[in-house]
Structure formats: structure tokens, C-alpha cells
1. Determine Rg/Rh for the stretch 145-210; Rg is computed over alpha-carbon atoms and Rh is the Kirkwood hydrodynamic estimate from the same atoms.
2. What lysines sit close enough to LYS148 to cross-link, taking a C-alpha to C-alpha distance under 19 Å and skipping anything fewer than 8 places away on the same chain?
3. Between the stretch 156-191 and the stretch 65-101, how many Å separate their Cα centres?
4. Need the list of lysines near LYS109 for cross-linking: C-alpha distance under 16 angstrom, and skip anything on the same chain fewer than eight residues off.
Amino acid sequence: MAASYAEIQGMEALTAPMSETRTSDHALIEATRSGDEAAFAEIVSRYKSPITNYLYRFLNDYEEAVDLAQETFVRVYFALDRYHTQFAFSTYIYRIATNLAISEIRRRKRRRLLSLTGLYQTEEDRDTEFQPPDERPRPDANLLEDEKSRMIGRAIAALPEKYRVAVILRDIQGRAYEEIAEIMELGLGTTKSRISRGRGLLKEKLQDYL
């Protein structure tokens, strides 16, 4: 079930940088390793909205985003002993979330291949490809803004994965180029190129509508 435009705006507002006086992520991780469960609860509180929003934009499916956000924190918790504090924790958690999202996209493609492009026999014993009807809602003047948000969401979700990650992290999450490069495990030049190419593809998808 897709979230409303207002809900997404609210989630994105929560991605703004927090006060510099807060306890560092690394300090919270070390406290968690020492058995302080409240420290990990603070990590979850700090990253829950940004990670859920990131996954929602990636998948265009709010309920799936919530589920994968929970799975992200579970994986982080059980891998704390393998986390090295010389790397930014935000890079680490976004990398885990990204890998989970890509795995989900690939599972969807496999399911779609089986369910939507399978051939079935007609009464005349001819092979016919199944084409489901387009049941997307028609635009309504009173819901123009919501329709615009849904259109943008669909366009982002239609980008190839390598460009989708780059565009969401930079233009929606506001992450620095250097951090995006680390999350994607790419060079800085390649990362900037992917962001630029992703923006171009997104513009092409939206130009007729906008």
C-alpha cells in the first residue's frame, strides 16, 4: 500500500541533520556492544525514518519498505562485532539497506517473469502471452498533487538499480557525493556520472507529464 504524499513529506522532513551535540553513532555502537540496549534503541530512533523513506523511494511500496527497514536493523544488530568504526555508520547501514532492496527487486523480477510472461494454451491451442489490464487510477483534478507524487515515485522506481540508488541518495536523502561513493563502493567520478545519468533518465520519464 503506497503512503500518502503528506506521509512521505513528513518522513523526508525527518532526514534533516540533527544537532552536533548528540552522542555519536560510533559511541552508541560501542555502548551497544557493551550490552546497553538503550543505545541501540537510539540508533533505531535516529535512522528509522531516513532508512524507511530511502527504501520506500527505492521500492515504491511502503509496507515492503517498513519490513526491509526492520530487517536492516536486525542485520545491523547481529553484525555489530564485524562493524569497523573507521567507517561512517551511516555508510554501513545504507549499504545494508541497499543490498536488501536490490535483492527484493530481483525477487520481484523473477516472480514477474513466472507470473506475467508465462505462456498458456488457448482453446485453439495457440501460445498467447498474458497481458494484464492497466488498472492504474485515472488522474483527478482534486488529487493532482497526489497523482504527481505517485508519478514521480513510479518514475524513480522504474530507473535501473544503479541509477536509482545514486539519485535517491543524492537528491532525496541529501547524502554527500563521497558518502554515496562509499555506499555504492565506487569511485567518486563514477558515482557523479551515475547521478548525472540517473537525473537525465528521470527527466526523460517525467517530461511528458510535467
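1. On the way: Rg = 12.2 Å, Rh = 12.1 Å.
Rounded to two decimals, Rg/Rh equals 1.01.
2. The qualifying lysines are LYS203, LYS205.
3. Taking the Cα centre of the stretch 65-101 as reference, the centre of the stretch 156-191 is 17 Å away.
4. Those lysines meeting the cut-off are LYS162.
Bear in mind that the values in this text are calculations on the coordinates, not laboratory data. Keep in mind the model is a prediction, meaning the values are calculated, not measured.
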